[in-house]
Amino acid sequence: MNKSTQKLMFSSKTDNWATPQDFFDKLDTIYDFTLDPCASHTNHKCDKYFTIDDNGLEQTWAGETVFMNPPYGRVIKHWLQKAYLESLNEDTTVVCLIPSRTDTRYWHDYCMKAEKIYFIKGRLKFGNNDNAAPFPSCVVVFDGGAGTMPTIDYLTP
């Protein structure tokens, strides 16, 4: 990873990383997504999506099968709280692509209430980057409330 890419990926200049299409497609074959609440007009993964102007945190996701690649900055905890709470609605599943930060409060407050967690083997390449992300990623699936412990599985990008 060159110095400029490394500087950007470890900075807070952007928290918007486009999901790799092939990785999304793999998840979409399992879940058949209907909503992307953290999108732009150029990187949305579903026909129904919310942009930053729509503010997906203020919209309902009820009855949807949601793919969420949230902003990875300090607001990620709000997105995970929203994902968990929306999954309590009938017929609502929320699948979250996030950094695997198991030492954070939001991980313990929300991710550990998930139905399933997929740890990703290797590192994803977000957007048009030639280099992989400097952090591990995981997929957290909220589907109707907390079990006793999430089921753990693994995915290969």
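Side notes on the structure shown:
- Pick from region 35-60, criterion of a type in the set (Gly, Ala, Ser) and in contact with a helix residue (DSSP H, G or I) (Cβ under 9 Å, 6 or more places away or on another chain), ranking: nearest to Phe126 (Cα to Cα): Ala39
- Scanning region 44-54 for residues that are more than 11 Å from Asn69 (Cα to Cα) and not basic (Lys, Arg) gives Cys46, Asp47, Tyr49, Phe50, Thr51, Ile52, Asp53, Asp54.
- Tabulated pairs, region 50-73, first in contact (Cβ under 8 Å) with a residue 40 or more places away in the chain, second of a type in the set (Phe, Trp, Tyr) and assigned to a loop (DSSP other than H, G, I, E, B), C-beta under 6 angstrom, 6+ apart or interchain: Phe67/Phe33
- Members of region 85-112 that are in a helix (DSSP H, G or I) and touching a helix residue (DSSP H, G or I) at 6+ places or on another chain (Cβ under 6 Å): Tyr106
- Filtered residues of region 47-84 (kept if assigned to a loop (DSSP other than H, G, I, E, B), under 17 Å from Phe142 (Cβ atoms), in contact with a Ser or Thr (Cβ under 8 Å, 6 or more places away or on another chain) and not charged (D, E, K, R)): Trp61, Ala62, Gly63, Asn69
- Looking only at residues in region 96-108 that are among the hydrophobic types (A, V, I, L, M, F, W, C) and farther than 8 Å from Phe142 by Cβ, the one that is surrounded by the fewest Cβ atoms within 10 Å (Cβ to Cβ) is Trp107.
- Members of region 18-46 that are out of contact with any strand residue (DSSP E or B) (no Cβ under 9 Å at 6 or more places or on another chain) and either in a loop (DSSP other than H, G, I, E, B) or of a type in the set (S, T, N, Q) (or both): Ala18, Pro20, Gln21, Thr29, Thr42
- Of residues in region 47-95 being of a type in the set (Phe, Trp, Tyr) and out of contact with any Cys (no Cβ under 9 Å at 6 or more places or on another chain), the one nearest to Arg105 (Cα to Cα): Tyr72
- If only residues of region 53-79 that are under 18 Å from Ile98 (Cβ atoms) and loosely packed, with under 14 Cβ neighbours inside 10 Å are counted, the one that is modelled with the lowest pLDDT is Gly73.
- As for region 32-47, it holds at least one residue that is in contact with a His (Cβ under 8 Å, 6 or more places away or on another chain) and closer than 19 Å to Asp22 by Cα.
- Test: residue in region 98-113 that is small (Gly, Ala, Ser), touching a Pro at 6+ places or on another chain (Cβ under 9 Å) and closer than 21 Å to Asp32 by Cβ: no
The values are calculated or read from the model by the stated rules, or taken from the named source; none is laboratory data. Not measured: the values here are computed from a predicted model. Glycine gets a Cβ as well: all are built from the backbone with ideal geometry, and neighbour counts include every protein chain shown.
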